[in-house]
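Worksheet: one structure, shown below.
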Amino acid sequence: ELLFQAASEIENIDTALNDPAKPPKPDLLKEFATRIPILDGNVDKLQLKVDNVGASSSAARARRRELTEQSTALSERVHGLPAKLMAAVDSAASTHKEAGNAAYKRGDFDAAIKAYTDAISVDRKNATFFSNRCACYQAKSMWTQAVADARECLSLDVSYAKGYKHLVNSLLRIGQRDEARALAQAPQTRPQSAHSP
């Protein structure tokens, strides 16, 4: 029964991650990120239980061998899920980012903000999404939000040059000239890296 339950859950996650016509929503991706390690632990426990099954008769040994093969196959499938999850996260976040880029180019900053916010909901560790949303906030003169996104961008990647540019510009707009000047006067202390907007 445990074997069937684990196999069923692995199959459900695997199917959802492999369906290009219906990519998983951000909440489901987060749930999968939580469930996969638990599944891995459950499969490990299952393998230990199979290893402890007594095999006194040839039928019992054959059944134990069958269960061992099934639990090993499940373990291999579980170990493949994190890579599939990361690919699904990257794909979903990239789709939102591209929608944001297109909206930004059209001058539809509200749609761009929503798209970049959707990208952030999928992958909160990508500095580019915060930088891009910051640019939208700047275009709408929403300077407080722009400062917050520029700071978040830099907290994720201290070498993100555009993040400093966004932060200095936004700080100037809200009257925080001293902090803006301090940032602008010390660019040589920051490592530089190339990032796309």
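The values are calculated or read from the model by the stated rules, or taken from the named source; none is laboratory data. These numbers come from a predicted model, not from an experiment. All Cβ positions, glycine included, derive from the backbone under ideal geometry; neighbour counts span all protein chains shown. Heavy atoms of the whole protein, side chains included, go into the accessibility calculation; ligands, DNA and RNA do not. Shrake-Rupley method; radii C 1.70, N 1.55, O 1.52, S 1.80 Å.
Average accessible surface for the chain: 58 Å² per residue, computed with a 1.4 Å probe over protein heavy atoms with every protein chain in place. Taking the Cα centre of the chain as origin and assigning +1 to Lys and Arg Cβ atoms and -1 to Asp and Glu Cβ atoms, the resulting dipole is close to 640 debye.
Counted as membrane-span-like here are DSSP H helices of the chain whose alpha-carbon atoms extend 15 Å or more along the helix's own axis and whose Kyte-Doolittle mean is 0.0 or above; these are 2-17, 109-122, 127-139, 143-156. Residues considered: Ala99, Ala182, Ala161. Largest GNM mean-square fluctuation over the chain, using C-alpha springs under 10 Å, is found at Ala182. Approximating the spin labels as points 7 Å out from Cα along Cα→Cβ, the Ala83-to-Ser8 distance works out to 2.9 nm. In summary, the lysines within cross-link reach of Lys22, defined as a Cα separation below 24 angstrom excluding same-chain residues under 8 places away, comprise Lys30, Lys84, Lys97, Lys114, Lys125.
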